[in-house]
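The values are calculated or read from the model by the stated rules, or taken from the named source; none is laboratory data. For clarity, every value in this text was computed on a predicted model and none was experimentally measured. Virtual Cβ from ideal backbone geometry, glycine too; neighbours counted across all protein chains shown.
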């Protein structure tokens with residue numbers, strides 16, 4: 001077996017929320033991290049931790065999942081305004097609900113993620129590990145101790161298609 005570049009298509013079952021505070025039209029919005037070209041990024045370190053968890057759960061390929069090379073750029077465009085309800089805390093004696101605005105991939109949104117699988121990690125095992133991640137951990141820049149955001153289902157894992165300049 002040799003290294004193989006793949007594209008995973010993922011469909012969110014729970015919203016994937018941005019976490020970087022920005023001001024837009026006088027309102028605070030939690031945005032997705034972006035590269036210099038404005039494309040949404042999911043950092044490779046996020047994927048490494050989640051795939052290590054999945055490999056431990058499945059008891060497969062624990063020694064090589066750290067060698068997956070992840071493209072940080074995500075193929076997909078988030079919605080620019082998603083309201084996350086913030087449960088009333090002690091700071092609000094009237095118990096009113098509040099909300100925070102996020103950029104988000106809503107439930108049903110499909111994204112593409114590219115990776116290079118190391119020698120010894122098959123596409124089938126990678127797909128299985130991604131399914132575990134999607135079910136139990138999800139992927140989202142915004143994290144909360146009591147909630148899991150960005151859970152997903154794996155639609156497909158296929159060899160990556162590259163444009164050729166012949």
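Taking segment 97-137 as the range and being part of a loop (DSSP other than H, G, I, E, B), under 13 Å from the mean Cα position of the chain (by Cα) and under 20 Å from residue 58 (Cα atoms) as the test, only 137 passes.
Candidates in segment 58-72 are the residues that are in contact with a strand residue (DSSP E or B) (Cβ under 6 Å, 6 or more places away or on another chain) and in contact (Cβ under 8 Å) with a residue 40 or more places away in the chain; of these, the one that is surrounded by the most Cβ atoms within 10 Å (Cβ to Cβ) is 68. Got at least one residue in segment 33-53 being more than 16 Å from residue 123 (Cα to Cα), loosely packed, with under 13 Cβ neighbours inside 10 Å and in contact with a strand residue (DSSP E or B) (Cβ under 7 Å, 6 or more places away or on another chain)? Within segment 33-53, one or more residues are more than 16 Å from residue 123 (Cα to Cα), loosely packed, with under 13 Cβ neighbours inside 10 Å and in contact with a strand residue (DSSP E or B) (Cβ under 7 Å, 6 or more places away or on another chain). For residue 11, are the conditions met, namely being more than 21 Å from residue 127 (Cα to Cα), modelled with pLDDT of 95 or more and surrounded by 13 or more Cβ atoms within 10 Å (Cβ to Cβ)? In short, no. Within segment 41-57, track down each residue that is touching a residue at least 40 places away in the same chain (Cβ under 8 Å) and more than 16 Å from residue 5 (Cα to Cα). Scanning segment 41-57 gives 42, 46, 50, 51, 53, 54, 55, 57.
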